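S.K.: Right, I'll just put the structure down here and ask away after.
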Amino acid sequence: MAAGNRTSLTDSGLISRAAGALNPQEVSAGFWVGDVGAAVEAEDGQVFTGACIGGHLSVCAELGAVSQLVASTAPTITRIVAVWRDPADGALHIIPPCGRCRELLRVISQRNLEATVILGPGHTTTLRDLLPVPGWHAERVDPETT
């Protein structure tokens, strides 16, 4: 959900927003929904959250948040975080976006390569650094060398 206009959330505030999207439910044996939450901060400061739909459907929490983002504003983000709470001990864990989510973020806006990805308390990187070779990469093979 959007959080109105420009926010000044700290990283821990954005983590809290992602945790607020958690609603874990085991809907059938081993099939969970809502057990991963994500928050994305748009370039204009709005914050959008989403929760995952697991199992064979594999709809990541980041995709839910990004879907709301593109329905409301430009597809450029400044920060992203996803979280999971261990049901065994209740500990909150920050998890990086999967490869599909990383690529989706890159494709919807090349400027997202500079977005901050929160990996842990005080531990961040850019989307660019999580993508080993962002974008289309092709090297010509010289026939004489093959």
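S.K.: Free of Cβ contacts under 8 Å to residues at least 60 places away in the same chain, surrounded by 21 or more Cβ atoms within 10 Å (Cβ to Cβ) and among the polar types (S, T, N, Q), is that true of Thr49?
M.R.: Spelling it out, Thr49 is indeed free of Cβ contacts under 8 Å to residues at least 60 places away in the same chain, surrounded by 21 or more Cβ atoms within 10 Å (Cβ to Cβ) and among the polar types (S, T, N, Q).
S.K.: Would you check if Glu103 is closer than 24 Å to Pro132 by Cβ and either in contact (Cβ under 8 Å) with a residue 24 or more places away in the chain or touching a Phe, Trp or Tyr at 6+ places or on another chain (Cβ under 8 Å) (or both)?
M.R.: For Glu103, the condition - closer than 24 Å to Pro132 by Cβ and either in contact (Cβ under 8 Å) with a residue 24 or more places away in the chain or touching a Phe, Trp or Tyr at 6+ places or on another chain (Cβ under 8 Å) (or both) - is met.
S.K.: Right, next: Which of the residues belonging to region 97-144 are under 20 Å from Glu43 (Cα atoms) and part of a loop (DSSP other than H, G, I, E, B)?
M.R.: Listed by number, the residues that qualify are Pro97, Ser109, Ala115.
S.K.: Which one of Ala71, Ala3 is surrounded by fewer than 19 Cβ atoms within 10 Å (Cβ to Cβ), of a type in the set (A, V, I, L, M) and either modelled with pLDDT under 95 or at positive phi (or both)?
M.R.: Sole residue among the options that is surrounded by fewer than 19 Cβ atoms within 10 Å (Cβ to Cβ), of a type in the set (A, V, I, L, M) and either modelled with pLDDT under 95 or at positive phi (or both): Ala3.
S.K.: Assuming Thr116 fulfils every condition listed in (1) among the polar types (S, T, N, Q); (2) buried (at least 16 other Cβ atoms within 10 Å of the Cβ); (3) in contact with a Pro (Cβ under 9 Å, 6 or more places away or on another chain) apart from one, which condition is it?
M.R.: (3)
S.K.: Hey, another quick one. May I ask you to verify whether Ala88 is assigned to a loop (DSSP other than H, G, I, E, B), closer than 22 Å to Ser16 by Cβ and without any contact (Cβ under 8 Å) to a residue 40 or more places away in the chain?
M.R.: Spelling it out, Ala88 is indeed assigned to a loop (DSSP other than H, G, I, E, B), closer than 22 Å to Ser16 by Cβ and without any contact (Cβ under 8 Å) to a residue 40 or more places away in the chain.
The values are calculated or read from the model by the stated rules, or taken from the named source; none is laboratory data. Everything numeric in this text was worked out from a predicted model, so none of it was measured. All Cβ positions, glycine included, derive from the backbone under ideal geometry; neighbour counts span all protein chains shown.
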